[in-house]
Amino acid sequence: MLSVECIVNGDLEENCYIIHNKSYAMIIDPGSEANKIINKIGNLDVIGILITHYHYDHIGALDDIKNKYNGAKIFDYTSHNYNELECFKFKKINNFGHTMDSCSFLFENENIMFTGDFVFYRTIGNYDIENEEEMLKSLKNFIKLNDNIIIYPGHGPSSNIGYEKRNNYFLRGI
């Protein structure tokens, strides 16, 4: 069973996540408060760091985290689509639009997805007008996913894809 813990950190209240199973852990978007993240991890063996995009509020502590857990593998939009590391099996999905390096990480066996600043509870991430077409393409792919998948966004509360399809203004009519 995979456990998900959220650490809200920084001035923009970014959600950093620690997922763990047995004694292994992965960090998603190591925000800006390295000590807060490291203290929460405790004795878990960090084997991976997942980056949904490279905005400062999502990677402010990345260098400190990499130095502390120097054996941890980094995953981002350039990674392979399907990844397996120890007890973690996940799919990387590029969600260009918010930024042109945005991606989500889907753990299909657990029905959970980390969306960064792509999709939030009842809204989506901002995007520049030149990225509008990419954002629309990404949203069309997003709504094809299983309604039961819980989404963990980069800010704010979690949700699920079915709820967002019904209640997220930006997903209606796609």
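Only the coordinates and a few stated rules stand behind these numbers; no lab work does. Every value quoted in this text rests on a predicted model; they were computed, and no experiment measured them. Using ideal geometry, Cβ is built from the backbone for each residue, glycine included, and neighbour counts are taken over all protein chains shown.
Each row is one residue, and each column tells you yes or no for (1) assigned to a loop (DSSP other than H, G, I, E, B); (2) within 14 Å of the chain's Cα centre (by Cα); (3) surrounded by fewer than 16 Cβ atoms within 10 Å (Cβ to Cβ); (4) not hydrophobic (A, V, I, L, M, F, W, C).
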residue	(1), (2), (3), (4)
N39	no, no, yes, yes
Y54	yes, yes, yes, yes
D57	no, yes, no, yes
Y77	yes, yes, no, yes
K91	no, yes, yes, yes
L106	no, yes, no, no
E130	no, no, yes, yes
L139	no, no, no, no
* Structure fact -> Over region 59-75, the set of residues in a helix (DSSP H, G or I) and surrounded by fewer than 20 Cβ atoms within 10 Å (Cβ to Cβ) is D63, D64, K66, N67, K68
* Is at least one residue of region 144-161 aromatic (F, W, Y), farther than 24 Å from I74 by Cβ and not in a helix (DSSP H, G or I)? -> no
* Structure fact -> Listed by first then second residue, the pairs whose first member lies in region 96-116 and is farther than 11 Å from D29 by Cβ, whose partner is in a helix (DSSP H, G or I) and hydroxyl-bearing (S, T, Y), with beta carbons under 7 Å and at least 6 positions apart or on separate chains, are F96/S138; G97/S138
* Selection from region 1-54 of residues that are within 19 Å of E84 (Cβ to Cβ) and among the charged types (D, E, K, R) -> K22, D45
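When region 21-30 is examined, which residues are found to be part of a strand (DSSP E or B) and surrounded by fewer than 20 Cβ atoms within 10 Å (Cβ to Cβ)?
Passing the criteria: N21, Y24.
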* Structure fact -> Of (1) in contact (Cβ under 8 Å) with a residue 40 or more places away in the chain; (2) more than 22 Å from G71 (Cβ to Cβ); (3) touching a Ser or Thr at 6+ places or on another chain (Cβ under 8 Å), T52 fails just (2)
* Identify all residues within region 10-26 that are over 17 Å from the mean Cα position of the chain (by Cα) and under 19 Å from G60 (Cα atoms); write none if there are none. => D11
* To do: Name every residue in region 27-50 that is in contact with a Phe, Trp or Tyr (Cβ under 6 Å, 6 or more places away or on another chain) and hydrophobic (A, V, I, L, M, F, W, C), in order of residue number.
  => I28, V46, I47, L50
